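For reference, the structure is listed below as structure tokens.
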């Protein structure tokens, strides 16, 4: 009976009903209407907020408007050097163009007039990589030649190309190694767009992404429009819970009390809505035909969510870092933004060994590297994991030993 469950928690899994993202889709449509590309897109937000899912909904919108779409999930192995990133881009181009064959006429000097022959080439990876290798200059020069040639092939047939990359927060420059893949990517697209070529860059990632772009190239602030995905409103959350059960053949529907409980537990985060709804649906499905009145097993679901979602992230922190996270979780503004001075003041009250400002800064930096904290453009900090403070407080309530 498991296949009767319409809810699908998981990284990037398309939900049965996409709630509350029409504004972001409208903004993407507007970007597709640019006469020349002056704005690219950064789609950012916490884990579990639905960035990957929303990115996938942009793909058909682009195709309807006559744009091609290519891209992939970024990985450290594909972005660690400029050459590796170039290979990533050429691969994505070749996937898009490999069905195409380019024909050109060559004239060979035989006799007085010469003869003309038609030659053709399949626009696959070897063809693009050969062009890349034959072009003199730096990696960015070689890639620019590839993208210019790509547009000469596509011009008149499509309105443009969207290059979309998920998990883009992994991109970074490595000055000590003399490698600047992030800066190279930004320079490449800025120069291509200045030539009037309609290639749009769409990057999706955690909130650390945009500050990294600006740090790499200050003009990034003008190059990108940023859409920050927040949690769904109560009404949007309710639709995400209810609408998947309204389809023909769905064996059950949630009661109003259960809907309210699910919305409250989820905090409005799409991943948590899917996770909780799937658990509740499975429990209710197993009780169909019995006399037992179904209810939301909150304690069991929260325990499973703690183990499946939060525990692995909590395990990344050292004992001292956990003390800092517990201190943050105790702030009244822990679910919003907080500062170093907020943490230091709270630690002086709660800890035998409080944190100095310099210690706090250093530890926040390490927690940012571990994906637990992020720093926004205004120098304030937030949890990078939604509802993390509530998880920490739940662990604290179980007992004082959080360091084993």
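Of all residues in region 338-349, none are within 30 Å of residue 282 (Cα to Cα), assigned to a helix (DSSP H, G or I) and within 29 Å of the chain's Cα centre (by Cα).
One line per residue, one yes/no per condition, for (1) touching a helix residue (DSSP H, G or I) at 6+ places or on another chain (Cβ under 7 Å); (2) surrounded by 14 or more Cβ atoms within 10 Å (Cβ to Cβ); (3) outside the structural domain of residue 363 (by TED's automatic domain parsing); (4) over 11 Å from residue 360 (Cβ atoms):
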{"site": "322", "(1), (2), (3), (4)": "no, yes, no, yes"}
{"site": "327", "(1), (2), (3), (4)": "yes, yes, no, no"}
{"site": "335", "(1), (2), (3), (4)": "yes, yes, no, yes"}
{"site": "343", "(1), (2), (3), (4)": "yes, yes, no, no"}
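Output the number of the condition that residue 285 fails; it satisfies all remaining conditions of (1) more than 30 Å from residue 348 (Cα to Cα); (2) in contact (Cβ under 8 Å) with a residue 60 or more places away in the chain; (3) surrounded by fewer than 15 Cβ atoms within 10 Å (Cβ to Cβ). With (1) more than 30 Å from residue 348 (Cα to Cα); (2) in contact (Cβ under 8 Å) with a residue 60 or more places away in the chain; (3) surrounded by fewer than 15 Cβ atoms within 10 Å (Cβ to Cβ) applied to residue 285, the lone miss is (3). Would a scan of region 256-276 turn up a residue that is at pLDDT below 95, within 18 Å of residue 166 (Cα to Cα), touching a helix residue (DSSP H, G or I) at 6+ places or on another chain (Cβ under 7 Å) and not assigned by TED's automatic domain parsing to the domain that holds residue 385? Yes. Among the candidates 242, 263, 280, the residue that is in a helix (DSSP H, G or I), free of Cβ contacts under 8 Å to residues at least 24 places away in the same chain and over 30 Å from residue 172 (Cβ atoms) is uniquely 242. Within region 33-50, is there a residue that is modelled with pLDDT of 90 or more, part of a helix (DSSP H, G or I) and either assigned by TED's automatic domain parsing to the domain that holds residue 196 or within 18 Å of the chain's Cα centre (by Cα) (or both)? The answer is no; no qualifying residue exists. (1) free of Cβ contacts under 8 Å to residues at least 40 places away in the same chain; (2) outside any loop (DSSP other than H, G, I, E, B); (3) within 25 Å of residue 44 (Cα to Cα): which one isn't true of residue 368, the others all being true? The number of the failed condition is (1). Among the residues of region 7-14, is any in the same structural domain as residue 213 (by TED's automatic domain parsing), surrounded by fewer than 20 Cβ atoms within 10 Å (Cβ to Cβ), part of a loop (DSSP other than H, G, I, E, B) and touching a residue at least 24 places away in the same chain (Cβ under 8 Å)? No, every residue in region 7-14 fails to be in the same structural domain as residue 213 (by TED's automatic domain parsing), surrounded by fewer than 20 Cβ atoms within 10 Å (Cβ to Cβ), part of a loop (DSSP other than H, G, I, E, B) and touching a residue at least 24 places away in the same chain (Cβ under 8 Å). A count restricted to region 63-73 and to residues that are in a helix (DSSP H, G or I) and within 18 Å of the chain's Cα centre (by Cα) stands at 0. Restricting attention to region 185-204, the residues that are out of contact with any strand residue (DSSP E or B) (no Cβ under 6 Å at 6 or more places or on another chain) and surrounded by 20 or more Cβ atoms within 10 Å (Cβ to Cβ) add up to 5. Residue 301 falls short on exactly one of the conditions (1) modelled with pLDDT of 90 or more; (2) outside any helix (DSSP H, G or I); (3) surrounded by 17 or more Cβ atoms within 10 Å (Cβ to Cβ), and that condition is (2).
Does residue 281 satisfy the criteria of being outside the structural domain of residue 368 (by TED's automatic domain parsing) and over 25 Å from the mean Cα position of the chain (by Cα)? Here the answer is yes, as residue 281 does meet what is asked. So which residues in region 156-176 are over 21 Å from the mean Cα position of the chain (by Cα) and in contact (Cβ under 8 Å) with a residue 40 or more places away in the chain? Passing the criteria: 158, 159, 160, 174. The single residue among 355, 391 that is in a loop (DSSP other than H, G, I, E, B) and in contact (Cβ under 8 Å) with a residue 12 or more places away in the chain turns out to be 355.
The values are calculated or read from the model by the stated rules, or taken from the named source; none is laboratory data. The structure presented is a predicted model; accordingly, all values stated were derived computationally and were not measured. Glycine also receives a Cβ, built like all others from the backbone with ideal geometry; neighbour counts cover every protein chain displayed.
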